[in-house]
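Here the structure is laid out as structure tokens; the discussion comes afterwards.
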Amino acid sequence: MENIIINWISEENSWLKFAVENQLLGNQSDPSAATDDYKIKAVISRIKDSNVGILALKTGKVKYTSTGNAFWDLFFLADIGLKAEYIQIQDEVNILFELQNNDGTFVLQDGTKPGYFCIPTIILTSLVKMGYADDPHILRFINKIFENQRLDGGWHCAMSRATGRKLQDSESCPMDNLNVLMLLGQYDQYRNDTRLNGAIDLLLMHWKRRMEPWRPYGFGIGSDFLKLKYPAVKYGILRMLDVLSLYPYAIKSPEFNEMLTFVMNKSIDGKFFAESVSRSYSEFDFGQTKIPSRWITFLIYRLQKRTYDFQAK
């Protein structure tokens with residue numbers, strides 16, 4: 001990583017400097033540098049809003065396919081490196097955990113079923129990053145994930161595709177695999193767990209066969225997938241790389257390195273632009289396309305650092 005780029009990433013926003021200090025440079029920085037920023041305060045306020053925040057998840061009306069709500073605001077704050085205690089959301093999280101079903105699953109959106117692991121994993125991944133890795137609610141959910149692993153090593157929300165069912169030999173859902181791997185990759189004990197290689201392989205194979213008319217469960221790799229965007233609500237290359245970079249098995253693959261090279265070639269003087277944006281984050285540089293994004297550049301350097309750290313071992 002070039003110091004000139006690291007300095008550029010850090011120089012404009014105190015919240016981003018906090019992320020760089022803690023995640024790229026290995027320093028311990030005061031979280032108030034992030035929480036006192038007016039833009040971050042607005043996101044924290046939205047997290048506590050009764051209509052779109054954490055408490056609104058109990059209504060089932062908050063959609064993970066939309067931005068500016070608990071799913072992706074929490075995701076963003078966790079990516080910065082903020083803990084739950086820094087932003088005072090412990091009470092909201094406790095109420096969220098009350099929504100857990102007796103079998104360990106969560107149903108957080110109307111029209112979905114307990115087996116839709118791809119949706120609650122977005123929230124739970126953020127909470128693990130924010131200090132809840134050992135919480136029994138999340139550990140129960142993870143146990144349920146492994147109970148429902150399919151023959152190919154991945155996951156699918158349709159029960160007709162479960163092990164022992166008619167479509168048990170069909171491919172798993174790429175988004176389910178991506179989101180489940182995102183959650184499990186927050187734990188050191190799962191990063192080298194061979195049980196996850198099948199799920200990883202499907203994502204890598206999807207990239208390898210991207211030019212073929214192969215669409216596992218309707219997911220394809222086209223122009224939209226290849227755009228740099230944050231948060232990656234849809235299936236996209238930036239979040240794919242970020243998740244796979246948590247797993248040494250994936251990092252060693254030619255497909256991962258091809259994807260990383262593809263993204264690095266988008267660099268202009270070491271900087272990266274958002275290529276698709278959400279209006280919910282128009283105040284941030286990743287919500288604009290005409291200027292280079294310090295945040296997206298940070299994310300790419302972060303996953304690149306993970307890759308180099310592993311290869312240097």
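Computed from the coordinates by the stated procedures, all read-outs in this text should not be read as laboratory data. Since we're looking at a predicted model, the values are computed, not measured. Positions of Cβ are generated from backbone atoms using ideal geometry, with glycine treated the same way; all protein chains shown enter the neighbour counts.
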Inset, instruction - Select from PHE71, PHE219, PHE106 the residue whose mean-square fluctuation is largest in a Gaussian network model of the chain (Cα-Cα springs shorter than 10 Å). - result: PHE219
Inset, instruction - Starting with the fewest neighbours, write out ASP152, ASP285 ranked by other beta-carbon atoms found within 10 Å of each beta-carbon. - result: ASP152, ASP285
Inset, instruction - Just subtract the alpha-carbon distance of GLU147 and ALA42 from 0.36 nm times their residue separation and send over the number in nm, one decimal. - result: 33.9 nm
Legend entry - Mean Cα-pair separation over length for the stretch 86-176, i.e. relative contact order, pairs under 8 Å, 6 or more apart, %: 23
Legend entry - Range of Cα positions in the stretch 37-148 per principal axis (Å), largest first: 43, 29, 20
Legend entry - All Cα pairs of the chain, percent lying beyond 25 Å: 49
Inset, instruction - Based solely on C-alpha atoms, express the radius of gyration and the Dmax of the stretch 218-289 in angstrom. - result: 12.9, 37
Legend entry - Karplus-derived HN-Hα couplings along the stretch 284-297 (A = 6.51, B = -1.76, C = 1.60, θ = phi - 60°), whole Hz, x at Gly and Pro: 9, 5, 7, x, 9, 10, 8, 10, x, 9, 5, 5, 5, 4
Legend entry - Mean separation of Cα contacts under 8 Å, 6 or more apart, over the residue count of the stretch 37-148: relative contact order %: 27
Legend entry - Subset of LYS234/LYS305; LYS63/LYS229; LYS58/LYS290; LYS83/LYS227 violating a 27 Å alpha-carbon distance limit: LYS58/LYS290; LYS83/LYS227
Inset, instruction - Would you mind ranking LYS41, LYS113 by Cβ crowding within 10 Å, fewest neighbours first? - result: LYS113, LYS41
Legend entry - Relative contact order of the chain, pairs being alpha-carbon contacts under 8 Å that are 6 or more residues apart, as %: 14
Legend entry - Which of ARG161, ARG209, ARG46 has the fewest Cβ neighbours within 10 Å, and the rest in rising order: ARG209, ARG46, ARG161
Inset, instruction - Pop out the ³J(HN,Hα) list for the stretch 165-179 in order, Karplus 6.51 cos²θ - 1.76 cosθ + 1.60 with θ = phi - 60°, rounded to Hz; leave Gly and Pro as x. - result: 9, 4, 9, 5, 8, 6, 5, 6, 7, x, 5, 4, 4, 4, 6
Inset, instruction - Convert each backbone phi in the stretch 229-244 into a coupling constant with the Karplus relation 6.51 cos²θ - 1.76 cosθ + 1.60 (shift: θ = phi - 60°), then list the ³J(HN,Hα) values in order as whole Hz, x for Gly and Pro. - result: 8, 8, x, 7, 4, 8, 5, x, 5, 5, 6, 4, 5, 4, 5, 5
Inset, instruction - Calculate the length of the line joining the C-alpha centroid of the stretch 24-103 to that of the stretch 129-191, in whole Å. - result: 23
